[in-house]
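Working notes, structure below.
The values are calculated or read from the model by the stated rules, or taken from the named source; none is laboratory data. Just so you know, these numbers come straight off a predicted model, no measurement behind them. For neighbour counting, all protein chains shown are included, and Cβ atoms are generated from backbone atoms with ideal geometry for every residue, glycine included. When the accessible area is computed, the model is the full protein with side chains, heavy atoms only, and any ligands, DNA or RNA have been set aside. Shrake-Rupley method; radii C 1.70, N 1.55, O 1.52, S 1.80 Å.
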Amino acid sequence: MDLFNNDDVNVFGQGQNLLPFDGEVLLFPYFFKEDVFARLVEETPWKQDKMKIYGREIDFPRLTAWYGESDEVYVYSGVVNVPVRFSPLLNEIKLAAQQQSGHQFNTALLNYYRNGNDSMGWHSDDESELGINPVIASVSFGAARTFQFKHKRQKDAKVSVELNNGDLLIMQGGTQHNWLHQVPKTAKKPGPRINITFRKIG
Ligand SMILES: O=C(O)CCC(=O)C(=O)O
Ligand SMILES: [Fe+2]
């Protein structure tokens with residue numbers, strides 16, 4: 001099956017590094033040709049995670065789902081995630097991301113941004129389970145959203161990129177160590193968007 005048309009990954013070359021220094025972020029625009037947004041919305045067991053702030057329970061501004069190959073739990077933003085098994089569709093997306101990045105992944109975090117009020121604040125994916133200088137493959141489907149980086153120490157170093165339906169973004173090298181990233185809220189009234197980050201734990 002040629003769902004993602006990646007028989008010839010070389011047409012995408014090595015990708016261009018979006019970061020000026022201290023990390024590597026490679027963008028492969030429209031890497032996934034097939035629009036699987038609706039299928040992903042449908043098949044995913046979305047969860048509304050909550051955080052406690054000053055004793056009050058607040059909904060995360062997005063829905064999430066956590067996939068893994070084993071029953072290992074993963075603590076993310078203070079939330080304990082028990083993974084569900086990869087679906088055939090997710091597995092196919094994972095294989096294409098592995099082929100392009102040259103790295104193996106065993107977990108995936110899905111984020112569902114329902115509208116412009118949904119977002120993810122500044123953070124880096126630097127949990128110790130991911131190891132030093134992890135390779136993380138991010139795949140986006142649905143509406144375009146802005147994805148931003150800012151350097152942890154050099155405050156004027158910022159990078160902003162639009163992530164579109166089907167884009168593959170690979171973060172590697174010192175990216176998580178040296179940079180924060182976020183998906184800011186927007187008043188532009190975008191449609192819904194799903195992002196998948198494939199990671200290797202352990
Ligand atoms: O939605 C995105 O593009 C990024 C998601 C992200 O940073 C994460 O899941 O850690
Ligand atoms: Fe992240």
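May I ask you to list pairs of residues, at least six apart or on different chains, whose Cβ atoms are under 7 Å apart, with the first in the range 122-136 being at pLDDT below 95 and the second being surrounded by fewer than 16 Cβ atoms within 10 Å (Cβ to Cβ)?
Asp126/His177; Glu129/Gly202
Tell me the residue from Gly55, Gly78 that is surrounded by fewer than 17 Cβ atoms within 10 Å (Cβ to Cβ), more than 16 Å from ligand 1 (Cβ to nearest atom) and at positive phi, please.
So the residue among Gly55, Gly78 that is surrounded by fewer than 17 Cβ atoms within 10 Å (Cβ to Cβ), more than 16 Å from ligand 1 (Cβ to nearest atom) and at positive phi is Gly55.
Can you pull out every residue in the range 143-160 that is open to solvent by 20 Å² or more (accessible area, probe 1.4 Å) and assigned to a strand (DSSP E or B)?
Thr146, Gln148, Lys150, Lys158, Val159, Ser160, listed by residue number.
Can you find, within the range 161-176, the residue that is nearest to Arg114 (Cα to Cα) among those that are in contact with a Gly (Cβ under 7 Å, 6 or more places away or on another chain) and open to solvent by 20 Å² or more (accessible area, probe 1.4 Å)?
By that ranking, first place goes to Asn165.
So in the range 19-69, with the set limited to residues that are among the acidic types (Asp, Glu) and outside any helix (DSSP H, G or I), which one is farthest from Leu95 (Cα to Cα)?
So, considering only residues that are among the acidic types (Asp, Glu) and outside any helix (DSSP H, G or I), the one farthest from Leu95 (Cα to Cα) is Glu57.
Would you check if Gly142 is in contact with a helix residue (DSSP H, G or I) (Cβ under 9 Å, 6 or more places away or on another chain), away from ligand 2 (no atom under 15 Å from the Cβ) and under 25 Å from Lys50 (Cβ atoms)?
It is true that Gly142 is in contact with a helix residue (DSSP H, G or I) (Cβ under 9 Å, 6 or more places away or on another chain), away from ligand 2 (no atom under 15 Å from the Cβ) and under 25 Å from Lys50 (Cβ atoms).
Yes or no, residue by residue, for (1) surrounded by fewer than 16 Cβ atoms within 10 Å (Cβ to Cβ); (2) of a type in the set (Asp, Glu); (3) in contact with a Lys or Arg (Cβ under 6 Å, 6 or more places away or on another chain):
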position: Met51; (1), (2), (3): yes, no, no
position: Glu92; (1), (2), (3): no, yes, no
position: Ala108; (1), (2), (3): no, no, no
position: Ser119; (1), (2), (3): no, no, yes
position: Ser128; (1), (2), (3): yes, no, no
position: Ser140; (1), (2), (3): no, no, no
